[in-house]
Amino acid sequence: MKHADAMEAGPSQGGSLQLSWLARLIGTHAPEEVAAAIADLVQARPGCVAASVRWGQGEVVAAQGRPPMSFAPADASWLVAAARTAGPLRHPDGRRVAVRLCAQPDVALLLLEWQPGHADERFLAELETPLRLAGQHLRWALEWAELKDSHEQLERSENLQRALFAISDLAGSERDMPDLLRGIHAIVSTLMYAENFFIVLHDAVQDTIRFLYFVDQQEPVPPGGGQDMPLGAIEHTLTWYVMRDGKARMGNAEELRSQVVGPVTLIGPDSYDWLGVPLLRDGQPRGVLVVQSYRRDIGFTDEDLTLLEFVSSHILTALERKQGKDELEQRVQRRTLQLAEANRGLQQEIVERQRAEHLQTALFQLAELATADIDQGTFYRRVHAVVGELLNAQNFFIGLLSDDRLKLTFPYSVDAVLAPPAERVLTRGLSEYVMRLGRALRVSNADIEELEQRGEIAPGRMSSPAMYWLGVPLIVADEVIGLVAVQSYRADVVYGAADQELLSFVASQVANSLTRRRSAESLRRAYEQLEQRVEERTLALRKEIGERERMQDQLRHQVMHDALTGLPNRGYLRERIDRALDAMRREPQHPCALLYLDVDRFKIINDSLGHLAGDEVLKEVARRLAGCVRHPDLVARLSGDEFAILLEQDELPWAATAVAQRVLDALDAPMRVAGKELPVTASMGIAIGDGNYVAADELLRDADIALYRAKQLGRKRYELFDERLAQNVVDVLALEGELRQALAQGLFEPYFQPICALDGSGRTLGYEALIRWNHPQRGVLRPGDFLRIAEDSGLIETIDWHMFELSCRLLLQHGRDDSFMTVNVSALHLRHAHFDRRLVQLLERTGLPPQRLVLEVTEGALLDNPEHVRATLERLRAIGIGAALDDFGTGYSSLSYLHSLPLRILKIDRAFVQELDKDANTSSTTVVAAILALARALGIQVIAEGIETPTQRDALMAMGCEMGQGYLLGRPAPITQWRAPGSAGA
């Protein structure tokens, strides 16, 4: 036996064996060969049962003729430990040992299995030197194998890259399709076995296929003869399956049948191995690429499949580019054949192509001329030049029909012998015949004579020396507008069919160009007219805007002035008083005074002499009052026979009494009215403004009190207001005490006045909450009876907040869910920085939604720190609480308030509403209409106050007012009354 022989061999024989083994080792190159040599060396040693070499990812090479060593999963930890150990590592079973031969590029292990009793250190010591040499050689072999694999991979990549470049070059080459397909076949053959190769393309629109290229050793004729055939003709074939689902398939017949669902139909001989990949574009199969082998020694691998799938997309791109190019060339060729269908021979074809190029250039030039900014003469000359490049046009003219189609004008003509006139009446000439015929006419003298004989044209044309004549009608939208003609006086210049076709093309372009130029000219004139109209309209708008501004100024003047006397009205006066009081607070040394004047016994004059006479008296009083003051003093008419004079002078009250006396003196002179001398007198009350006055109404009130005192004392006099007069009107201290008791006892109650829709339905949309005092002795008191005292005593804010909360609770308990409520908020509240926060807390306590609450503010309140008020109202609007401007039109009535403040509602003052009972053309009607238009433009709702008669209500409805309130619609009352059955609120 081999082991015994090895054991009995002497040292010389062992040395010769090692030399022989070294020679074998040197001759090995592949890692498998080196591993086999190492295994043979170790197996030749006595006591070795098996030997194998292991490296890489579990690959094992055993000695030739020896079975490989088997390993259990439990051996994995031993193998891992051996790979990390430089020396031999014994297995726990004592019969196996692992020796690491090398660590790079992969760990290689020599695995030995000994016979029992032969596992000693001398065995490994004798093999240490050979194994070290063998391990080094194995490392070189592994490195060489790795390098060889990298080289082969690089070579494959280079081959693939060369193939892709070659396919791209083929797609851009001038080769025809068959040559291109043969080139693709040759390229694929460099990548894999492809003696049997075919390409099938699918037309998704027609649902047909074509075997575009087909080479097969067993079947030389492609299915369908290379022509289009229905996709169903190859149904259930392998190609059909790949085409249907766009998935590649590879294998022999048995393997392929397992890859499809359904029967498999064979066309032609069965192949040993078959590989087909889809040609995909945007995920959709456009065809199939197939290689097949009839040889058992040649098959296809997964690498071939991957490679062919990768190459297929490039092949499809090349085919599509080539097909697109071929189709383009076919279109160009068909176009060239259309232009050259009357010619024969290659030379004539070249001439026609050149003519086609010239024609295309001419068409572009004509198209440019159609939009060129040139005059008509230049246009016609350039058209002639373009035609002259296409054919002989030495004698050329353009004829156009006149607008009435009774004359033929010749805007352009060039002729060497006989030029046409500028214009002539239509006759039966050649030009008219062409236009009547509606198509081109190419004739010689003999043809013209024949036309004369047939009566198509009038005789006499033969006197012309022209030998050939060619005319083409100018047609636009199936209507003839003229013609283009050329003629020849030489026998060698003959016009043929090609010239006729060229001139026909030119004529169509000239006709279109003429039409476009005419349209452009018409458009230009239209633009000029439009610009003129715009300019005229702009001037008219400017005039209208100026008129509107004048009317707006006039309207503002009407709103702030009395229509009868032209004097400022109550609203204007209140605004001036507020400004004077504000100025006085800043500069106390500049006080003011108010003279409140009432014409004595004016009612008697009105009743006895009539309203016209009364109006004359009032106008004369106004004139005389104006003569009693100086700038910046103000005279105003408050209402009826009441006037007021605001003095802004330093020497008060002396200056006030002096002016009052001048007024009495001025009015003392009799007035001639209605043919009668009338003695007119007046009574006046004077209030001196000081730091105690906050608002204009306070000064007006005190002046009114003084006026009342003057009338009590006999009229035609004036009285100064003092505290004694105020005490005579009301006991302030007593009333203040009663107010405190009423607040503590809950005697204040909100009355609700309904706000109704002015749409004919009478629906109650909301309420205005108005304070009432249930006085134990005096009954129900209105705000005018006690608010002044409440403000002076500092109780007004407490009363207001009590009323706010009580009103919210009552509305929530008794009001409809869709109704809203307005409450009056004075400037005093709006001065507080935390007013909005306190109001929100109140709503949270009562549970009333913010959207149902609207705050009524006066214009006087807005004047007091407008920016602070605007910011407060903005914050309230953000949470849903609205704002309403009360008594609009009686105060400052600034349009800036409406534009800049967050207002939801505008309330028209009752003074304007009361005037609606009069003639419809009163200034109040104009003012109310203007206010409604302004509110609509700004998106603000409007409520008209003080509606007391059906006439007022109907007038407001006619003007489009949305809402109203007043005694006609409902007097203020407890909310329970409005919720009772049959009430307006119910």
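The values are calculated or read from the model by the stated rules, or taken from the named source; none is laboratory data. What you are looking at is a predicted structure, and each value in this text was computed from that prediction instead of being measured. Because the Cβ atoms are built from the backbone with ideal geometry, glycine has one as well, and the counts that use them run over all protein chains shown. Calculation scope for accessible area: heavy atoms of the full protein, side chains included, ligands and nucleic acids excluded. Shrake-Rupley method; radii C 1.70, N 1.55, O 1.52, S 1.80 Å.
Identification of strands (runs of 3 or more DSSP E) wholly contained in the stretch 404-511 with 1 or more residues that are without any contact (Cβ under 8 Å) to a residue 40 or more places away in the chain and open to solvent by 70 Å² or more (accessible area, probe 1.4 Å) yields 407-414, 423-425, 479-488. Scanning the stretch 386-415 for residues that are over 51 Å from the mean Cα position of the chain (by Cα) and either modelled with pLDDT under 85 or under 22 Å from Glu501 (Cβ atoms) (or both) yields Gly388, Glu389, Leu390, Leu391, Asn392, Ala393, Gln394, Asn395, Phe396, Phe397, Ile398, Gly399.
Taking the stretch 234-315 as the region of interest, the strands (runs of 3 or more DSSP E) fully inside it that hold 2 or more residues being closer than 19 Å to His202 by Cα are 273-281, 284-293. Of the residues making up the stretch 804-831, those that are over 14 Å from Phe748 (Cβ atoms) and part of a helix (DSSP H, G or I) are Cys808, Leu811, Leu812, Gln813, His814, Ala827, Leu828, His829, Leu830.
Residues checked against (1) among the acidic types (Asp, Glu); (2) free of Cβ contacts under 8 Å to residues at least 60 places away in the same chain; (3) open to solvent by less than 10 Å² (accessible area, probe 1.4 Å):
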site: Pro653; (1), (2), (3): no, no, no
site: Arg662; (1), (2), (3): no, yes, no
site: Gly691; (1), (2), (3): no, no, no
site: Ala696; (1), (2), (3): no, no, yes
site: Glu723; (1), (2), (3): yes, yes, no
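The one condition from (1) open to solvent by 60 Å² or more (accessible area, probe 1.4 Å); (2) touching a residue at least 60 places away in the same chain (Cβ under 8 Å) that Arg122 does not meet is (2). On the basis of being surrounded by 13 or more Cβ atoms within 10 Å (Cβ to Cβ), over 21 Å from Phe300 (Cα atoms), among the acidic types (Asp, Glu) and touching a residue at least 12 places away in the same chain (Cβ under 8 Å), does Asp207 make the cut? Here the answer is no, as Asp207 does not meet what is asked. So in the stretch 176-198, with the set limited to residues that are closer than 24 Å to Leu328 by Cβ and out of contact with any helix residue (DSSP H, G or I) (no Cβ under 7 Å at 6 or more places or on another chain), which one is surrounded by the most Cβ atoms within 10 Å (Cβ to Cβ)? Applying the filter and picking the extreme gives Leu181. Of all residues in the stretch 918-941, those that are in contact (Cβ under 8 Å) with a residue 12 or more places away in the chain and either under 18 Å from Gln558 (Cα atoms) or open to solvent by less than 30 Å² (accessible area, probe 1.4 Å) (or both) total 15.
Please go through the stretch 265-289 and pick out each residue that is of a type in the set (D, E, K, R) and open to solvent by 20 Å² or more (accessible area, probe 1.4 Å). Step through it out loud before you land on a result.
First, the residues of the stretch 265-289 that are of a type in the set (D, E, K, R): 270, 273, 281-282, 286.
Once the filter is applied, which keeps residues that are of a type in the set (D, E, K, R) and open to solvent by 20 Å² or more (accessible area, probe 1.4 Å), the stretch 265-289 yields Asp270, Arg281, Asp282, Arg286.
Looking at Leu830, Leu848, which is the one that is more than 25 Å from Arg979 (Cβ to Cβ) and open to solvent by less than 10 Å² (accessible area, probe 1.4 Å)? Lay out the reasoning, then the answer.
Values: Leu848 fails: more than 25 Å from Arg979 (Cβ to Cβ).
Being more than 25 Å from Arg979 (Cβ to Cβ) and open to solvent by less than 10 Å² (accessible area, probe 1.4 Å) holds for just one of Leu830, Leu848, which is Leu830.
Pairs linking a residue in the stretch 784-807 that is at pLDDT below 85 to a residue that is assigned to a helix (DSSP H, G or I) and β-branched (Val, Ile, Thr), with Cβ atoms under 9 Å and 6 or more positions apart or on different chains, are Arg788/Val732; Ile789/Val732; Asp792/Val732; Ser793/Val732. All told, Val825 falls short of being among the hydrophobic types (A, V, I, L, M, F, W, C), open to solvent by 70 Å² or more (accessible area, probe 1.4 Å) and either farther than 30 Å from Ala958 by Cβ or not assigned by the TED database to the domain that holds Leu956 (or both). Taking the conditions (1) open to solvent by 60 Å² or more (accessible area, probe 1.4 Å); (2) outside the structural domain of Gln661 (by the TED database); (3) part of a helix (DSSP H, G or I) in turn, Gly760 satisfies each one other than (3). Scanning the stretch 932-951 for residues that are within 42 Å of the chain's Cα centre (by Cα) and either under 11 Å from Val913 (Cβ atoms) or among the aromatic types (Phe, Trp, Tyr) (or both) yields a count of 1.
For the stretch 125-175, give me the residue count where each residue is under 60 Å from the mean Cα position of the chain (by Cα), aliphatic (A, V, I, L, M) and open to solvent by 50 Å² or more (accessible area, probe 1.4 Å). Even if it seems obvious, please write down each step before you answer.
As a first pass, look at the stretch 125-175 and keep what is under 60 Å from the mean Cα position of the chain (by Cα): 149-175.
Subset that is aliphatic (A, V, I, L, M): 154, 160, 163-164, 166-167, 170-171.
Checking which are open to solvent by 50 Å² or more (accessible area, probe 1.4 Å) leaves us with 154.
Residues flagged as under 60 Å from the mean Cα position of the chain (by Cα), aliphatic (A, V, I, L, M) and open to solvent by 50 Å² or more (accessible area, probe 1.4 Å) within the stretch 125-175 amount to 1.
Considering the stretch 215-247, the residues that are closer than 13 Å to Leu289 by Cα and crowded, with 20+ Cβ neighbours inside 10 Å include one that is farthest from the chain's Cα centre (by Cα), namely Leu238.
Residues checked against (1) at pLDDT below 85; (2) among the acidic types (Asp, Glu); (3) in contact with a Lys or Arg (Cβ under 7 Å, 6 or more places away or on another chain):
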residue: Leu502; (1), (2), (3): yes, no, yes
residue: Ala511; (1), (2), (3): yes, no, no
residue: Leu514; (1), (2), (3): yes, no, no
residue: Ser522; (1), (2), (3): yes, no, no
residue: Leu530; (1), (2), (3): no, no, no
residue: Leu541; (1), (2), (3): no, no, no
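Criterion first (surrounded by 21 or more Cβ atoms within 10 Å (Cβ to Cβ), acidic (Asp, Glu) and closer than 30 Å to Gly689 by Cβ) does Glu575 satisfy it? The answer is yes for Glu575.
Can we say Leu289 is closer than 29 Å to Arg156 by Cα and under 50 Å from the mean Cα position of the chain (by Cα)? Quick ask: steps written out before the conclusion?
Working: closer than 29 Å to Arg156 by Cα: yes; under 50 Å from the mean Cα position of the chain (by Cα): yes.
Yes, satisfied.
State whether the residues of the stretch 586-602 include one that is in a strand (DSSP E or B), open to solvent by less than 10 Å² (accessible area, probe 1.4 Å) and more than 19 Å from Asp665 (Cα to Cα). Checking the stretch 586-602: at least one residue is in a strand (DSSP E or B), open to solvent by less than 10 Å² (accessible area, probe 1.4 Å) and more than 19 Å from Asp665 (Cα to Cα). For beta carbons closer than 6 Å, sequence separation of 6+ or different chains, a first residue in the stretch 73-102 that is among the β-branched types (Val, Ile, Thr) and modelled with pLDDT of 85 or more and a second that is assigned to a strand (DSSP E or B) and open to solvent by 30 Å² or more (accessible area, probe 1.4 Å), the qualifying pairs are Val97/Arg90.
For the stretch 328-387, the tally of residues that are polar (S, T, N, Q), over 25 Å from Glu174 (Cα atoms) and open to solvent by less than 90 Å² (accessible area, probe 1.4 Å) stands at 6.
Residue by residue, here is whether (1) more than 60 Å from the chain's Cα centre (by Cα); (2) within 10 Å of Leu567 (Cβ to Cβ); (3) open to solvent by 40 Å² or more (accessible area, probe 1.4 Å) holds:
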{"residue": "Lys619", "(1), (2), (3)": "yes, yes, yes"}
{"residue": "Val635", "(1), (2), (3)": "no, yes, no"}
{"residue": "Leu638", "(1), (2), (3)": "no, yes, no"}
{"residue": "Asp641", "(1), (2), (3)": "yes, no, no"}
{"residue": "Gln649", "(1), (2), (3)": "yes, no, no"}
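Looking at Pro68, is it modelled with pLDDT of 75 or more and within 21 Å of His91 (Cα to Cα)? Spell out how you get there, then give the answer.
Numbers: modelled with pLDDT of 75 or more: no; within 21 Å of His91 (Cα to Cα): yes.
Spelling it out, it is not the case that Pro68 is modelled with pLDDT of 75 or more and within 21 Å of His91 (Cα to Cα).
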